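Quick notes on the structure that follows.
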Amino acid sequence: MPIAVVAGFSNNATAGTIVPPIERSQALCTIKSDFLNLIHQADVVVNGKSIEKCQPFINMARHFQLISEMSVNDLATLGHSIGFSPTLDNPKSAKYQQSFAAVNGASGNGYSNNRVFASSVDNQTAAGAQNSAVGNAANQYTIGRYIDITNTTGSGVYGATGLMTGTQLNTEFRPYYTTSGNYMFWHDHAVIKLNYLFESLNKIGLVKRLDAQLRLWVNTGTVNVTVCSQC
């Protein structure tokens, strides 16, 4: 399933006008968990009979089932292809912010485990207080999934002046991030295994002829987030 995510920045000084994205904006709309969360509800009909009725929020149940059943080897071998990170959230990156006010460097008020910019390491180092600079390993892998072809000062491998362009990456089904007219674009291809979504399809086995209808409701929409110095 091809995916295209579009985002833009605006501010009070230029209300209604999209301003140029800042550096490292490729991390803004990366998908945090697996592609299965794109499916809101689904049903299966075989030979005119309903095998699995329409189930809203089926993504939440199947996602919980996957993270409960997948082993470390499953995540390492299959995780990347279905949108998972090779590792799940690192508990060492969790932090509790007691002060309910805007604090520089904080990930939010209360208990959070979403630090991804704190450091490039996913474990404790000898420098500083314990776990103070540990980032969330799962989020770090997710951000690294998308190749930023606008970054010409990094590896120099991708982009207009690199070895591979966005067109070549798209041909090879590799996710990438680019910009156009101050808008940010994320291009990806979601792999959703039907046997993960439906137990019936997982058990159906090999058949000579199958008369089935599959309907999927995909989560799409628009989100507007207001950010201020005191939010």
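Across the chain, Cα pairs under 8 Å and at least six residues apart give a relative contact order of 27 percent.
Computed over the chain, the Cα gyration tensor eigenvalues convert (square root of 5λ each) into semi-axes of 34, 24, 20 Å, ordered from largest to smallest.
A straight Cα-to-Cα reach below 27 Å connects K49 with the lysines K193, K203, K208, residues fewer than 8 places away in its own chain not being considered.
Computed over the chain with a Gaussian network model linking Cα atoms closer than 10 Å, the most mobile of Q65, Q26, Q213 is Q213.
Looking at the range 8-68, the chymotrypsin sites (Phe, Trp or Tyr not before Pro) that sit in a DSSP loop and have at most 15 other Cβ atoms within 10 Å of their own Cβ are F57.
Every number here is computed from the coordinates shown, using simple stated rules; none is lab data. Computed from a prediction, not measured in an experiment: that's the story for all the values here. All Cβ positions, even for glycine, are placed from backbone atoms using ideal geometry, and neighbour counts span all protein chains on display.
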